[in-house]
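Peer 1: Below is a structure I'd like to ask you about.
The values are calculated or read from the model by the stated rules, or taken from the named source; none is laboratory data. None of these values were measured; they are calculated from a predicted model. Virtual Cβ from ideal backbone geometry, glycine too; neighbours counted across all protein chains shown.
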Amino acid sequence: MSNRNDTPPDAEEFETIVQSAITALPQIFRGPALAVALRVEDFASEAMMQDLEIDDPFSLTGLYEGIPLTEKSVLDQPTHPDVIWLFRRPILDEWIARDDVGLAELVTHVYVHELAHHFGWSDADIAAIDEWWT
């Protein structure tokens with residue numbers, strides 16, 4: 001989607017973009033990444049916004065909800081699966097405002113950033129996958 005006059009992708013099309021990002025991950029990360037649930041919503045819920053003390057729903061493009069692998073213990077009893085939330089409308093707004101990056105590239109960037117929280121990655125680890133961090 002390079003033409004800004006195109007109809008923005010709906011949640012399903014947006015998720016397809018994310019699935020392509022997952023497929024493009026190095027093989028060593030792809031399997032574990034698939035173990036994290038993916039949710040695409042137009043905006044973060046009111047409860048999420050309150051928990052994060054964020055007033056502007058357009059300022060939150062993604063969120064990792066879970067316990068990073070570097071902090072998990074076999075003694076932990078999970079109460080819910082780890083989830084990466086991507087918020088379509090804020091990402092689309094950033095994409096339009098930037099006008100210097102493709103939508104798939106921006107979605108991939110946000111996804112990898114949230115996945116980094118799951119893996120406990122350093123900036124160097126992220127840079128190996130996402131050129132924006134170099």
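Peer 1: Being more than 16 Å from ALA21 (Cα to Cα), within 16 Å of the chain's Cα centre (by Cα), modelled with pLDDT of 90 or more and surrounded by fewer than 19 Cβ atoms within 10 Å (Cβ to Cβ) is the requirement here; does PRO90 meet it?
Peer 2: Details: more than 16 Å from ALA21 (Cα to Cα): yes; within 16 Å of the chain's Cα centre (by Cα): yes; modelled with pLDDT of 90 or more: yes; surrounded by fewer than 19 Cβ atoms within 10 Å (Cβ to Cβ): no.
In short, no.
Peer 1: Within the range 1-26, which residues are in a helix (DSSP H, G or I), at pLDDT below 90 and surrounded by fewer than 12 Cβ atoms within 10 Å (Cβ to Cβ)?
Peer 2: The one that is in a helix (DSSP H, G or I), at pLDDT below 90 and surrounded by fewer than 12 Cβ atoms within 10 Å (Cβ to Cβ): GLU12.
Peer 1: Sticking with this one: Kindly indicate whether TRP95 is modelled with pLDDT under 85, aromatic (Phe, Trp, Tyr) and farther than 15 Å from ALA11 by Cα. Steps first, answer last, please.
Peer 2: Working: modelled with pLDDT under 85: no; aromatic (Phe, Trp, Tyr): yes; farther than 15 Å from ALA11 by Cα: yes.
Here the answer is no, as TRP95 does not meet what is asked.
Peer 1: Among ALA33, ALA37, ALA21, which is touching a Ser or Thr at 6+ places or on another chain (Cβ under 6 Å), within 23 Å of TRP121 (Cα to Cα) and of a type in the set (Gly, Ala, Ser)?
Peer 2: Working: ALA33 fails: touching a Ser or Thr at 6+ places or on another chain (Cβ under 6 Å); ALA37 fails: touching a Ser or Thr at 6+ places or on another chain (Cβ under 6 Å).
So the residue among ALA33, ALA37, ALA21 that is touching a Ser or Thr at 6+ places or on another chain (Cβ under 6 Å), within 23 Å of TRP121 (Cα to Cα) and of a type in the set (Gly, Ala, Ser) is ALA21.
Peer 1: Okay, moving on. Of the residues that sit in the range 33-57 and are more than 19 Å from ARG89 (Cβ to Cβ) and surrounded by 14 or more Cβ atoms within 10 Å (Cβ to Cβ), which one is modelled with the highest pLDDT?
Peer 2: Ranking the qualifying residues of the range 33-57, first place goes to VAL36.
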